[in-house]
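What follows is a single structure, written as structure tokens, with notes after it.
The values are calculated or read from the model by the stated rules, or taken from the named source; none is laboratory data. Predicted model only: the values in this text are computed from it and were never measured. For neighbour counting, all protein chains shown are included, and Cβ atoms are generated from backbone atoms with ideal geometry for every residue, glycine included. Just the protein is used for accessible areas: all its heavy atoms, side chains included, with ligands, DNA and RNA removed. Shrake-Rupley method; radii C 1.70, N 1.55, O 1.52, S 1.80 Å.
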Amino acid sequence: MALAKPYPRALTIAGSDSGGGAGIQADLKTFAALGAYGTSVITAITAQNTFGVQKVMVVTPDMIEAQCSAVMSDIRIDALKIGMLADIESIRVVAESLQQFHLPFTVLDPVMVATSGSALSIENTVQAMKQMLMPLADILTPNLFELALLTQKTMATSSDEMLEQGQILLDEGCQAVLVKGGHLSEDEEAIDWLLEKDCEPVCFKSLRIKTSHTHGTGCTLSAAIAALRPQHETLANTIAVAKCYVHGAIEAGQHWHLGHGYGPLAHFWRFKHD
């Protein structure tokens, strides 16, 4: 039976996680779980597991460009999520592809530090990302570590500092910023802030789930925002629904024992299994 309404087509440009919990693998799972058709451009291959990243091999710029061109020239992309870009050349070719194909909505998740603390990007990529990609993105989704790197500040320790640093990015040309406060403290509630130009900040609160199995949370949230944006009228409503999905995925996966380190989310938690 034909679908009554075309389903969203989402693209992820990110690194591959051999452990399956983050990166391209988490993004495609998220797209599928939220009813979007997923496509991908792989920017790096990582050897990683639940303990962290052991090795990274960056895909060549011409191959990244070829993947972008192949997908964007043929498939109507409704929303894009950008994750790990390991060097300046990778950033440049992705920015050039976006300028050529003009996609409707872009989420930039500035992946620079993994949950385990492993450095994933090479020096001097921060400024390149700000100069080349940030002006092309509809929203950035930094955690507190990434926010500090982007603003050249010390890591925020309060909502006021989160808002202050998010405003810096708005002043520098960003359209919207979702500042994620998951690392802020060990309080019962996790707090995120959405800042948009000419709008009052919007606060999102959720009960903190006491688990170490949160590998890929940032990737999953940014991918969820991309998958859901074509299905919702406002960015704030999109984020609210995306956060509910991620919260459910963390809750459902909190007792998984996939490996011996930081486990992944249960991306398909809304589907019943026999």
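Restricting the search to the range 55-87, which residues are within 24 Å of Q152 (Cα to Cα) and surrounded by fewer than 20 Cβ atoms within 10 Å (Cβ to Cβ)? Correct list: D87 only. Scanning the range 123-147 for residues that are of a type in the set (D, E) and either assigned to a helix (DSSP H, G or I) or on the phi > 0 side of the Ramachandran plot (or both) yields a count of 1.
Among the residues of the range 169-178, is there at least one that is among the charged types (D, E, K, R) and without any contact (Cβ under 8 Å) to a residue 24 or more places away in the chain? Checked the range 169-178: at least one residue is among the charged types (D, E, K, R) and without any contact (Cβ under 8 Å) to a residue 24 or more places away in the chain.
Of note, I250 does not satisfy the criterion of being in contact with a helix residue (DSSP H, G or I) (Cβ under 9 Å, 6 or more places away or on another chain), among the β-branched types (V, I, T), farther than 21 Å from Y262 by Cβ and crowded, with 17+ Cβ neighbours inside 10 Å. Looking across C199, C219, one residue alone is closer than 30 Å to R9 by Cα and touching an Asp or Glu at 6+ places or on another chain (Cβ under 8 Å). It is C219. Highlighted here are the strands (runs of 3 or more DSSP E) found entirely within the range 161-245 that include at least 2 residues which are open to solvent by less than 30 Å² (accessible area, probe 1.4 Å) and of a type outside the set (S, T, N, Q): 176-180, 189-196.
If you go through the range 35-49 and keep only what is hydroxyl-bearing (S, T, Y) and open to solvent by less than 20 Å² (accessible area, probe 1.4 Å), you end up with T39, T43, T46. Residues in the range 6-34 that are open to solvent by 40 Å² or more (accessible area, probe 1.4 Å) and either polar (S, T, N, Q) or within 23 Å of A137 (Cβ to Cβ) (or both): R9, S18, Q25, L28, K29. Candidates in the range 131-155 are the residues that are more than 15 Å from the chain's Cα centre (by Cα) and more than 23 Å from H183 (Cα to Cα); of these, the one that is most open to solvent (accessible area, probe 1.4 Å) is Q131.
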